[in-house]
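The values are calculated or read from the model by the stated rules, or taken from the named source; none is laboratory data. All values reported here derive from a predicted model rather than from experimental measurement. Note that each Cβ is placed from the backbone with ideal geometry, even for glycine, and that neighbours are counted across all protein chains shown. Heads up: the accessible areas ignore ligands, DNA and RNA and are worked out on the full protein's heavy atoms, side chains in. Shrake-Rupley method; radii C 1.70, N 1.55, O 1.52, S 1.80 Å.
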Amino acid sequence: MVTDTEFILQSINQGCVALAEDEFVIDRLVKYVGNGRIRWHVEFRGHRVEFTTGQLKKQPTFRRKILEQAGVLPPQLVGTTYRRWALDLRKNAIELPWRDRPVDPGFAIDRLVSLGGDRWIVECQGKAIKFTTTKLRRQTSFRKRMLAKAKVLPPQLEPAAHRKWMDWLIQSAGEATPEAGDALMTEKSWLDDLPELAGW
């Protein structure tokens with residue numbers, strides 16, 4: 001298991017982009033409370049990186065996660081300077097309840113592909129995320145997996161609306177074949193087919 005420090009040193013040797021202090025500016029830190037735990041989301045250059053409190057306190061872990069998910073390496077600060085910076089960051093965080101997390105505007109699935117049986121692949125923003133039929137139809141599982149794998153958060157729908165949307169996607173899904181390109185569902189809004197749900 002490569003430690004955070006070893007990973008950072010390897011990345012520096014491979015030429016990763018290291019930012020100077022004046023170049024590394026976080027857009028905002030959001031503190032989500034609920035479900036018995038606290039989560040922190042660092043929003044930086046269009047990326048949303050999730051941390052635990054312990055991960056935020058450890059500079060090597062913080063730098064590694066930003067490097068892995070945003071592709072740039074934050075500057076290394078002296079230990080006491082980093083601790084003071086991380087403390088100020090947490091004090092100035094925006095606090096939101098977990099259920100009211102902001103959703104990604106314009107969320108759209110590029111395509112749903114059937115792998116046979118109850119296995120599916122959701123294609124979204126260049127990523128392919130695997131699902132079972134159960135996880136597709138269960139909204140909490142769907143939103144959580146999309147956020148974890150594709151870093152996008154689908155909007156919260158009424159349970160009936162989510163199930164109808166998934167039924168529509170499943171009926172319109174392509175097969176995992178070279179011809180699946182004919183089944184693209186890019187800009188089409190499923191609400192056009194479900195006028196009774198237009199108020200969600």
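Based on this model, can you work out whether E187 counts as open to solvent by 60 Å² or more (accessible area, probe 1.4 Å), part of a helix (DSSP H, G or I) and at pLDDT below 80? In short, no.
Residues in the range 1-45 that are over 13 Å from A70 (Cβ atoms), acidic (D, E) and open to solvent by 70 Å² or more (accessible area, probe 1.4 Å): E6, E21, D22. With respect to (1) in contact with a helix residue (DSSP H, G or I) (Cβ under 8 Å, 6 or more places away or on another chain); (2) touching a residue at least 24 places away in the same chain (Cβ under 8 Å); (3) over 22 Å from R37 (Cβ atoms), the lone exception for T61 is condition (3). Contact map, the range 120-141: residues that are at positive phi paired with residues that are open to solvent by less than 20 Å² (accessible area, probe 1.4 Å), Cβ distance under 8 Å, separation 6+ or inter-chain. Pairs shown: Q125/A150; Q125/V152.
Scanning the range 113-134 for residues that are under 26 Å from G46 (Cα atoms), open to solvent by 40 Å² or more (accessible area, probe 1.4 Å) and in contact with a helix residue (DSSP H, G or I) (Cβ under 8 Å, 6 or more places away or on another chain) returns Q125, K127. Whenever a residue of the range 65-92 is touching a residue at least 60 places away in the same chain (Cβ under 8 Å), its partners that are hydroxyl-bearing (S, T, Y) and open to solvent by 30 Å² or more (accessible area, probe 1.4 Å), lying with C-beta atoms within less than 8 angstrom and at least six residues away or across chains, give the pairs R90/T53.
Matching residues to (1) crowded, with 19+ Cβ neighbours inside 10 Å; (2) under 27 Å from R48 (Cα atoms):
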residue: L136; (1), (2): yes, yes
residue: S141; (1), (2): no, yes
residue: K144; (1), (2): no, yes
residue: L147; (1), (2): no, yes
residue: K151; (1), (2): no, yes
residue: Q156; (1), (2): no, yes
residue: R163; (1), (2): no, no
residue: M166; (1), (2): yes, yes
residue: I170; (1), (2): no, no
